[in-house]
1. Note down the relative contact order for the stretch 24-162 as a percent, whole number, built from C-alpha pairs under 8 angstrom at least six residues apart.
2. Mind checking the full-extension length gain between D269 and A121? Use 0.36 nm per residue of separation minus the Cα-Cα distance, one decimal, nm.
3. Any idea what diffusion coefficient the chain gets from Stokes-Einstein, in µm²/s, Kirkwood Rh on alpha carbon pairs, 25 °C, 0.890 mPa s?
4. Using the beta-carbon distance between R233 and Q36 and R0 = 51 Å, what value does 1/(1 + (r/R0)^6) give for FRET efficiency, to the nearest 0.05?
5. If you line up the Cα atoms of the stretch 49-169 on their principal axes, what length do they span on each, largest first, in Å?
6. Taking the Cα centre as origin and putting +1 on Lys and Arg beta-carbons and -1 on Asp and Glu beta-carbons, what dipole magnitude results for the chain, to the nearest 20 debye?
7. Hey, what does the equivalent ellipsoid look like for the stretch 96-139, semi-axes from the Cα gyration tensor as sqrt of 5 times each eigenvalue, largest first, whole Å?
8. Projected onto the charge dipole of the chain (+1 at Lys/Arg Cβ, -1 at Asp/Glu Cβ, origin at the Cα centre), which of I255, V148, A187 gives the Cα projection farthest towards the positive end?
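Bear in mind these aren't lab numbers, they're just calculated from the coordinates by the rules spelled out. As the structure is a computational prediction, the values presented were derived from the model and not from experiment. Cβ placement follows ideal geometry from the backbone for every residue including glycine, while neighbour counts extend to all protein chains displayed.
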Amino acid sequence: MQARNAALRRPSEADAVFDTHPEVSLDFRHVREALQDGYQKPFLLVDSSIIRNKARRFKAAMPRVQPHYAVKANPDPRVLRTLIEEGVGFEIASISELDLLLGLGVPAAEIFYSNPMKSRAYLEYAASRGVEWYVLDSVEELRKIASVKPDAKMYVRIDTPNIGSDWPLAGKFGTHAAEIRGIIDEAVTLGADLAGVTFHVGSQCRNPQNWRVGIERAGKVFDDMRRAGLAPRLLNIGGGYPVRHLKPIPSIEIIADVVNEAIAELPHDIRVMAEPGRYLVSDAAYFVCRVVGTATRNGKRWMYWDAGMFGGMIEITEGLRYEILSDRRGPSIPWSIAGPTCDSVDILVHEEMLPEDIQEGDYIYVPNAGAYTTAYASNFNGFPLPDVKMV
Ligand SMILES: Cc1ncc(COP(=O)(O)O)c(C=O)c1O
């Protein structure tokens, strides 16, 4: 049994243009070993030593930037524990993520509540558990936070370009230049501690210039805050740091060149943090699932996996190009790939070139799949959630 390209991935010419540093992936040998114990359902196999190395590489590339892991990328407690041991802080979207972290002993002061829209009940709970920092991107959210926790430290999420990001996040969140003045004025009126600025360049961002624009815009907001009598002291440069799949990516060192140069312009009393999610966990894991069956429909070949968009593979449907490996070595043909549910949205991709001899029961291996896979899964239609196994 041999996975196509599994152990021998060499950078292409396009990669060399972007990458100054070798990217590491989980050794495929571990996947084979895990399968020797049998297969019950789709699983993610995670190597915590790669998570450690990614955390260290991130800090080495941007020494002034403290990483706060976006728990949503992979909330497995073993992943979180590894990051705690590496001295990484955290960013949360909900109070169940907060409870998870508090249960692992993370101090509330190291937890940033970065979801721009929070229910009053969630705010009250977070405040009661000692969370100090809260994001907002509207006057209404500022008032809501201030009414629940008058001494909250707040940071405003601003709009920034998401050009060249595989998973754009602009549009839903991020206040625009025209609205910032109103937010600052309201903070002054309420005596609220509006103390920082954040932005998100979009997930799997392959364009380092988005960070430069975000930091420059943040610098202007800091000026406005100071002029209004506020005391800005936090820049949160968000997530978006990409990992290797099929498209070339800039390495973290190349992104760091842009970020480090841009933050050098900021006063030294501005604390700089980031919220990497994907970057810290993706490369550490293989996703393994199985072909439930194949079919020919209207002359086209289809394969159905036991994990589709509800079982962990949703990012494929939004255009993330994973490498997909199998043990077959036949000539490649275009396949349509779908999940096992009865829902017609559960189609992952069409025209994916894979060996023609793939059959029912074959394993499918997806490298660099540690982020936004198991975290997204639901048991819609009664299919089980994928397992998370550690090497
Ligand atoms: C507020 C916030 N911060 C950080 C992240 C992490 O982004 P990424 O996994 O692209 O690094 C996200 C992802 O959606 C987010 O919403």
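1. 15 percent
2. 49.9 nm
3. My calculation gives 112 µm²/s for D.
4. Numbers: r = 53 Å, r/R0 = 1.04.
Efficiency computed from Cβ-Cβ geometry: 0.45.
5. Rounded to whole Å, the extents work out to 43, 38, 25 Å.
6. Dipole size: approximately 180 debye.
7. Whole-Å semi-axes of the equivalent ellipsoid: 19, 11, 9.
8. The residue sitting farthest along the positive end of the dipole is I255.
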